[in-house]
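Working notes, beginning with the structure itself.
What follows draws every value from the coordinates through simple rules; no lab data is involved. Bear in mind that the values here come from a model prediction, so they are computed numbers and not experimental data. In this analysis, Cβ positions are derived from the backbone assuming ideal geometry, glycine residues included, and neighbour counts consider all displayed protein chains.
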Amino acid sequence: MSDILFPVRRIGRREFDFARQVAIMAIVNRTPNSFHDKGRTFELDRAVEAARAAVAAGADWVDVGGFAFSADQDGISVGEEVDRVVPVIAEIRNVTDAVISVDTHRADVAKAALAAGADVINDTNGLREPGMAAIAAESGATVIVTHSLAGPGKAVVRPVYGDVVTEVADFLRERVRFVLDFGIPAERIIIDPGHDLNKNTFHSLELMRRLDEITSIGYPTLVALSNKDFIGETLDRPQRERTEGTIAANVTAVLKGARILRVHDVPATVAAVRMTEAMLGWRAPIAPRHNLG
């Protein structure tokens, strides 16, 4: 998309041209209750192993989280969340130049994660906690501004929107203005409409149909669609049988302007994205031979 502000971005140690490139973000959850992996990477060694495997499979980015979004969980202290994410980030930073983000809505967790080597704050609370924007501004970190009504760990029963896409877009514009006014430059801002975050399946499908209204705001758009309930409910598929639906949703998102995909299955996403980029004329085939001999 030529209308992305600063399409060529330096994020951490890597550079992306979002006018013709899609970044793949691997999910590494150090939580016992993550909705998809159910604690598979809760142990430190398993989390580090998963991050390294994702980068080897082609991920450009690793997103490390220590507290799930769901309201159906016990709260944890800031110290416990720091203890979950910081060792993983430090280990990953030692072995890769991939972008590292911390998935947190807490300012003190973000500060500790950045000190350990993270490059990005991925905040599903839209930088609404006091101190979060200041830490981002002072550190030089990139920020991901995500839409949610209540933020992580808080229940919203039967969320209602007049027009979900318009309201999400308005929220993102307002939070971007807040971030800019705090001194965080436009070239360090990414937006995320927050599919399924305080939204039902019909809301998330409407966001997919009109995603270009979000991407046209002008900042690189991240989508976190991987194995989400709106895919499972659309297809009537359980958690472990949503791969095809996830790929279809991610490719559609790219065609509508999304440039960062947050995913569980890195190899399948890499193949789908590389094919999409080639069909759009952004990437040459790796091994062209057919009818060329």
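In the set (1) in contact with a helix residue (DSSP H, G or I) (Cβ under 8 Å, 6 or more places away or on another chain); (2) of a type in the set (D, E, K, R); (3) surrounded by fewer than 23 Cβ atoms within 10 Å (Cβ to Cβ), the condition left unmet by Arg240 is number (1).
Taking region 70-119 as the range and being more than 23 Å from Ala155 (Cα to Cα), in contact with an Asp or Glu (Cβ under 6 Å, 6 or more places away or on another chain) and β-branched (Val, Ile, Thr) as the test, the residues that pass are Val99, Ile100.
For region 66-87, taking the residues that are of a type in the set (A, V, I, L, M) and in a loop (DSSP other than H, G, I, E, B), the one that is surrounded by the fewest Cβ atoms within 10 Å (Cβ to Cβ) is identified as Ala71.
Filtering region 169-196 to residues that are aliphatic (A, V, I, L, M) and buried (at least 16 other Cβ atoms within 10 Å of the Cβ) leaves Ala169, Leu172, Val176, Val179, Ile184, Ile189, Ile190, Ile191. Taking region 126-168 as the range and being β-branched (Val, Ile, Thr), crowded, with 16+ Cβ neighbours inside 10 Å, closer than 27 Å to Arg210 by Cα and in contact with a helix residue (DSSP H, G or I) (Cβ under 9 Å, 6 or more places away or on another chain) as the test, the residues that pass are Thr142, Val143, Val145, Thr146, Val164, Val165, Val168.
I'd like the full set of residues that are over 11 Å from Thr104 (Cβ atoms) and either touching a residue at least 24 places away in the same chain (Cβ under 8 Å) or β-branched (Val, Ile, Thr) (or both), limited to region 129-143.
Residues satisfying the conditions are Gly131, Ala133, Ala134, Ala136, Ala137, Ser139, Gly140, Ala141, Thr142, Val143.
Return the residues of region 139-152 that are in a strand (DSSP E or B) and either out of contact with any Lys or Arg (no Cβ under 8 Å at 6 or more places or on another chain) or not β-branched (Val, Ile, Thr) (or both); say none if nothing qualifies. Listed by number, the residues that qualify are Ile144, Thr146. Set side by side, the residues Ala155, Ala136, Ala118 differ, and just one is in a loop (DSSP other than H, G, I, E, B) and within 18 Å of the chain's Cα centre (by Cα), which is Ala118. For the residues Ala59, Ala112, Ala47, Ala90, the requirement of being under 19 Å from the mean Cα position of the chain (by Cα) and part of a helix (DSSP H, G or I) singles out Ala47.
The set of residues in region 93-109 being assigned to a loop (DSSP other than H, G, I, E, B) and surrounded by fewer than 21 Cβ atoms within 10 Å (Cβ to Cβ) consists of Thr96, Asp97.
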